[in-house]
Amino acid sequence: MKKFIKEFREFINRGNVMDMAVGIIIGGAFTSIVSSLVDDIINPILGLFGGMNFDQLKWNILGEVTLNYGKFISAVLNFLIMALVIFTIMRVMNSAAAKLNHNKEEKPAAPTTKKCPYCKTEIAIDATRCPHCTSMLEETKETK
Ligand SMILES: [Zn+2]
């Protein structure tokens, strides 16, 4: 049992679980926003042009049996808008991540310090005389 608790704590502490929980909560809230957008804004506008309530579109086959294809179209619209928004978010996040990685890779390419070849201390890249051992440094591009 102790081992179980320890493993469970490690699982929680990995961080992924909290990220996932936040994702699920935000996703749930997001779903209701998209549903509301379709039901309360897009459907009425479409209904305005079609002269009917989009969500009420149905086809009577036999007596009480109806095909509520209007609701189905709403569900498809929901999905398409959700997919579009998620795709946009993914694109923005991917390009931001790419930029971050790009910056990380660029930093070591432009060092601001070098090692003095005589006393091996870190000194300014453009120093011509070492501040520690006062050795004259040659104007070489040597960085290590
Ligand atoms: Zn030195």
Practice task
Consider only pairs whose beta carbons are under 8 Å apart and that are at least six residues apart or on different chains; among these, list those whose first residue lies in the range 78-103 and is closer than 14 Å to ILE33 by Cβ and whose second residue is small (Gly, Ala, Ser).
Solution key: ASN78/SER35
Completion exercise
Of the listed residues (ASN53, ASN60, ASN13), the one being of a type outside the set (Asp, Glu), at pLDDT below 80, outside the structural domain of ILE125 (by TED's automatic domain parsing) and loosely packed, with under 10 Cβ neighbours inside 10 Å is ASN60
Exercise for the section: Could you please find all residues in the range 100-127 being modelled with pLDDT of 75 or more, among the polar types (S, T, N, Q) and away from the ligand (no atom under 12 Å from the Cβ)? Expected result: ASN101, THR112, THR113
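The values are calculated or read from the model by the stated rules, or taken from the named source; none is laboratory data. This one's a predicted model, so the numbers in the text were calculated from it and none came from an experiment. Here the Cβ is made from the backbone with ideal geometry for all residues, glycine too, and neighbour counts use every protein chain on show.
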